[in-house]
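Novice: Let me begin by handing over the structure; questions about it come next.
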Amino acid sequence: MAKQFVITPSPHLKTKEDIGAIMRAVCLALAPAFIFALYRFGYWSIAVTAIAVVTAVVTEAICQRLRHVPYTVDDYSAVVTGLLLAAVLPPNVAWYVPFVGSIVAIGIAKHCFGGLGCNIWNPALMGRAFLQAAFPTEINSGTWPAAKGESLLTSIYTNINGSFDFLVESAKQVGADVITSATPLEQLTRVVDVAGKVEIPGAIYVQNGVIQVSNSQIFDVFMGNTFGCIGEISALALLLGGIYLLGKKIITWHIPFAYIATVALLGWILPAPYSNGEATAYTAWFTGPWLMHVVGGGLFIGAFFMATDMVTSPMSRLGKLLFGCGCGLLTIVIRIYGGYPEGVCYSILLMNTVVPMIDCWTRPRVYGTAKASCPKH
Amino acid sequence: MAVGNVFTRGFFKENPVFVLLLGLCPALAVTTGLKNALGMGLAATFVLVCSNLIVSLSRKFIPKEVRIPCFIVIIATFVTIVKMVMAAFLPELKEALGIFLPLIVVNCIILGRAEAFASKNKLLPSVIDGLGMGIGFTLAICIIGIVREILGAWMIFGIPITRGGMAYSMKVFILAPGGFLAMGLLLAYFNYLGAQRARRLALAQKGIHEGKGAPAVDTSNPTVQTINSQNMIGKTGAGPCNLCPGCDKPNF
C-alpha cells in the first residue's frame, strides 16, 4: 500500500536503474578480470578479493551506524570499492593489506567526506595510495605461481617467446614454485642499451636510441600473459568489461577514449630516459613504445573502471574529455619521468582533485540565461 | 577562579592540542614516537612554566604596545636554556627533535598563555596555569606519539611490541601524512567524546536519565516528554530536539 502512490516533484521520468543496478553491472563487468586472476594466480588472489570486499561492506555498515544514516550496504557500492581495491593489489599479498586498504578506502576516503556521492577522491584508489605508503615492500613485490603458468593461454600460443613463458620455464627447470619478476612497465623504466645482445628472451631493451618492444610481447601483455596486479594483468578481460559498461550506457566513451588516446600519443612522442652503461641517455622523439604503454599496467582498469567513477568525474562531455586528457598526461609523465613505474593511481587521484574546477569551467549555459560564473578562490 | 580549576582545565576541557588546536606544528612533526613526544612535551612545559612566571612578574611594567616582542624574548631565553641543557645531557633527543626544539619559541601555546593568562594574572595562578597547560600538551602529543609509534613501527618507546612485529607496521604513520591522519582521527574521537558528554549534561539538566528505564517526565515542559533514549537514536532531521537552549540544530 505504501508503494502504490509515489509522490514526487516533476520531471516524472521513471527508470528501473538505480545505484544497486549500476553497481551490479560494474561487478559483472569486472568478472572476466577476476576469473582470469583465479586462473592465472590461483585461489589466494580470490581470497584477497574476498577479504577486501567483506571488509569494505562491514566498514560501510559500521560507518553508517556511527553516522546515524540509513544502511545502504545493499547498493553494492562498497562491493565495487572492495573489488577495485583488490584489482590493483598484487596477488599473494598478506591478509592485512586488503583488510587495512578497505578500511581506509571506505572509512576515511568515503565516509569522512560524507559517504556515497560526496567523496572527492575515488575510494579504491585512495586505499591503494594509502597502502603504497603504508606497506611499500608488500605492495611492490609480488610472487607468481610457476605451476599455474602452464595455463590454457600459454599452451595455445606456444610459439610466443614472451618473458613470462621464459621465466616460467626457467622456474620449472630449477624446481621453483613461484616466480617474482618486474612488470612490463617496471622493465620499461629500467631499460638499458645492450648493444643488440639480448640474452633473456622477451626482455625489453634499447637499441640505437629506440626502445625495442616486439609485437609478440605486446600481444602477451594484452592477453594477460604477464606480471602485474590481480585485476589488471589482462587488458583483454578489462576491455570486455569496459565494452559491456559502454553498451549498458553506464559509462560514456569520453573519459576512456581521451585517457587512452593521450597515453598512446604522449607515450609515442616523449623521449624516455635509459641507461647506456655509463650515464643516463634519452631515446629519440616520436619512437616511444606507445602500444606497451596502452596495454601494460593498470591503464585499462583505470580508464574504464576508476576514472569513470560517477562521483569523482566531471559531468559534461567536454569536462570528461579534459579530465581524461589530464589523467593521460599525468600517467605518462609519472611513468616515464617519475619515481614510480605506474602512474594511473596517482594521476586519477590528482585529477579527481580538480574535478569541481573542471565542472565549473565546462558548465553548459542554460538556454535563455547568462553564463554562470565560477566562484573565485 | 579556583586554583584547582586553573590547573586541571588544560588536561581535557581546554586541552591545547585537541580542544584549542594550538601548537599543532610540533604535535604533527615530532610525534613519530613516544620518546620524541615526551621530550618535546617536557621541554615545552618547562619553557611554558618559566615564561609564564617571568611574564607574570613583569606584567606591570611591560608596555602594552610592545608586549609581544617582550614575551618572545622571554620565551626565547628559556628555549635557549632548554636547548643548551639538552645538547649537554641528551644529545640524541636534541638530534631527533632537530629544528623543532628552537621552534618552541614560536609555539602558539606558550605565547598564547603569556598573552591570555600570565600577563593578566598573579604569579601563582600563572605558574599553575603554565604547568597545567604544559601537562595537557605533553599528554596530547604523547597520545599522538604512542598511536603513531604503534601503528607505524609496532613499537612503544622504541621497543618492539612483539618479536618480529615489524610485519604489521604501516610505515605511513611515521611519515608526514600519517601525522595528519592520526591527528585527524584522534581529534574526531575526542570531539565525539566531547559531544557525548555535552549531550549527557544536557539530558541531565532536563532531568532525563538516558538509557535507564523510563525517562523522568517533566510535565511542565511538553516538548521534553516525547524525548527519550529510544527515539533519539537513528532519527535524522526529526525537527529540533530542544535540549540545548539557543540551539536549533535538528535532533541528531
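The values are calculated or read from the model by the stated rules, or taken from the named source; none is laboratory data. Treat the numbers as computed from the prediction; the structure is a model and nothing was measured. In this analysis, Cβ positions are derived from the backbone assuming ideal geometry, glycine residues included, and neighbour counts consider all displayed protein chains. Surface accessibility is based on the protein's heavy atoms, side chains included, excluding ligands, DNA and RNA. Shrake-Rupley method; radii C 1.70, N 1.55, O 1.52, S 1.80 Å.
Novice: Condition first: touching a Leu at 6+ places or on another chain (Cβ under 7 Å), open to solvent by 10 Å² or more (accessible area, probe 1.4 Å) and touching a residue at least 24 places away in the same chain (Cβ under 8 Å). Can you find one or more residues in segment B:90-99 that meet it?
Specialist: No, segment B:90-99 contains no residue that is touching a Leu at 6+ places or on another chain (Cβ under 7 Å), open to solvent by 10 Å² or more (accessible area, probe 1.4 Å) and touching a residue at least 24 places away in the same chain (Cβ under 8 Å).
Novice: Answer yes if at least one residue in segment A:320-330 is of a type in the set (D, E, K, R), out of contact with any Phe, Trp or Tyr (no Cβ under 7 Å at 6 or more places or on another chain), closer than 20 Å to A:C374 by Cα and crowded, with 22+ Cβ neighbours inside 10 Å, and no otherwise.
Specialist: Taking every residue of segment A:320-330 in turn, at least one turns out to be of a type in the set (D, E, K, R), out of contact with any Phe, Trp or Tyr (no Cβ under 7 Å at 6 or more places or on another chain), closer than 20 Å to A:C374 by Cα and crowded, with 22+ Cβ neighbours inside 10 Å.
Novice: Also: For segment B:135-157, give me the residue count where each residue is part of a helix (DSSP H, G or I) and either of a type in the set (A, V, I, L, M, F, W, C) or closer than 16 Å to B:I110 by Cα (or both).
Specialist: 15
Novice: Assuming A:L265 fulfils every condition listed in (1) open to solvent by 30 Å² or more (accessible area, probe 1.4 Å); (2) over 30 Å from A:R24 (Cβ atoms); (3) part of a helix (DSSP H, G or I); (4) touching a Leu at 6+ places or on another chain (Cβ under 9 Å) apart from one, which condition is it?
Specialist: Unmet for A:L265, out of (1) open to solvent by 30 Å² or more (accessible area, probe 1.4 Å); (2) over 30 Å from A:R24 (Cβ atoms); (3) part of a helix (DSSP H, G or I); (4) touching a Leu at 6+ places or on another chain (Cβ under 9 Å): (4).
Novice: With the requirement that a residue be farther than 15 Å from B:V6 by Cβ, within 10 Å of the chain's Cα centre (by Cα) and small (G, A, S), what does segment B:135-153 give you?
Specialist: B:A140 - this is the single residue of segment B:135-153 that is farther than 15 Å from B:V6 by Cβ, within 10 Å of the chain's Cα centre (by Cα) and small (G, A, S).
Novice: Would you list the helices (runs of 4 or more DSSP H) that sit entirely within segment A:16-130 and hold 1 or more residues that are of a type in the set (K, R) and either open to solvent by 30 Å² or more (accessible area, probe 1.4 Å) or within 13 Å of chain B (Cβ to nearest Cβ) (or both)? First the steps, then the outcome.
Specialist: Working: elements: A:19-41, A:43-66, A:77-87, A:96-103.
The qualifying helices (runs of 4 or more DSSP H) are A:19-41, A:43-66.
Novice: Looking at (1) away from chain A (no Cβ under 14 Å); (2) touching a residue at least 12 places away in the same chain (Cβ under 8 Å); (3) open to solvent by less than 60 Å² (accessible area, probe 1.4 Å), which one does B:A87 not meet, given that it meets all the others?
Specialist: B:A87 satisfies every listed condition except (2).
Novice: A further question follows. Restricting to segment A:279-309, what's the tally of residues that are acidic (D, E) and in a helix (DSSP H, G or I)?
Specialist: 0
Novice: While we're on this one: Aromatic (F, W, Y), surrounded by 22 or more Cβ atoms within 10 Å (Cβ to Cβ) and under 18 Å from A:E342 (Cβ atoms), is that true of A:F227? So that I can check it myself, show each step before the final result.
Specialist: On the way: aromatic (F, W, Y): yes; surrounded by 22 or more Cβ atoms within 10 Å (Cβ to Cβ): yes; under 18 Å from A:E342 (Cβ atoms): yes.
Criteria met by A:F227.
Novice: Filtering segment A:331-343 down to residues that are open to solvent by 10 Å² or more (accessible area, probe 1.4 Å) and modelled with pLDDT of 90 or more, which residue is nearest to A:T189 (Cα to Cα)?
Specialist: Applying the first criterion (open to solvent by 10 Å² or more (accessible area, probe 1.4 Å)) to segment A:331-343 yields A:333-334, A:336-342.
Narrowing further to those that are modelled with pLDDT of 90 or more: A:333-334, A:336-337.
Numbers: A:V333: 12, A:I334: 10, A:I336: 7, A:Y337: 9 Å.
Here the residue is A:I336.
Novice: Let me ask another. Report, ordered by the first and then the second residue, all pairs with beta carbons closer than 8 Å, sequence separation of six or more or different chains, a first member in segment A:261-284 that is under 13 Å from A:I336 (Cβ atoms) and in contact (Cβ under 8 Å) with a residue 24 or more places away in the chain, and a second member that is part of a strand (DSSP E or B) and among the acidic types (D, E).
Specialist: Once the first residue is under 13 Å from A:I336 (Cβ atoms) and in contact (Cβ under 8 Å) with a residue 24 or more places away in the chain and sits in segment A:261-284, its partners that are part of a strand (DSSP E or B) and among the acidic types (D, E) give A:Y274/A:D193.
Novice: Continuing with this model, one more query. A:G149 fails exactly one of the following numbered conditions: (1) among the small types (G, A, S); (2) at pLDDT 85 or above; (3) more than 30 Å from B:G152 (Cα to Cα). What is the number of that condition?
Specialist: For A:G149, the failing item is (2).
Novice: Filter segment B:50-81 for residues that are open to solvent by 10 Å² or more (accessible area, probe 1.4 Å) and touching a Phe, Trp or Tyr at 6+ places or on another chain (Cβ under 9 Å); which is modelled with the lowest pLDDT?
Specialist: Among those residues, the one meeting the criterion is B:I62.
Yes or no, residue by residue, for (1) over 23 Å from B:G4 (Cα atoms); (2) away from chain A (no Cβ under 12 Å); (3) in contact with a helix residue (DSSP H, G or I) (Cβ under 9 Å, 6 or more places away or on another chain); (4) assigned to a helix (DSSP H, G or I):
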| site | (1), (2), (3), (4) |
| --- | --- |
| B:I99 | yes, yes, yes, yes |
| B:V105 | yes, yes, yes, yes |
| B:E115 | no, yes, yes, yes |
| B:D129 | no, yes, yes, yes |
| B:M133 | no, yes, yes, yes |
| B:T162 | yes, yes, yes, no |
| B:F173 | yes, no, yes, yes |
| B:M183 | yes, yes, yes, yes |
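Novice: Can you spot a residue in segment A:305-322 that is within 16 Å of A:T189 (Cα to Cα), over 15 Å from the mean Cα position of the chain (by Cα) and of a type in the set (V, I, T)?
Specialist: Step one: filter segment A:305-322 for residues within 16 Å of A:T189 (Cα to Cα), giving none.
No: segment A:305-322 contains no residue that is within 16 Å of A:T189 (Cα to Cα), over 15 Å from the mean Cα position of the chain (by Cα) and of a type in the set (V, I, T).
Novice: Hey, among the residues in segment B:135-160 that are of a type in the set (F, W, Y) and open to solvent by 60 Å² or more (accessible area, probe 1.4 Å), which one's farthest from the other protein chains (Cβ to nearest Cβ)?
Specialist: Result: B:F157.
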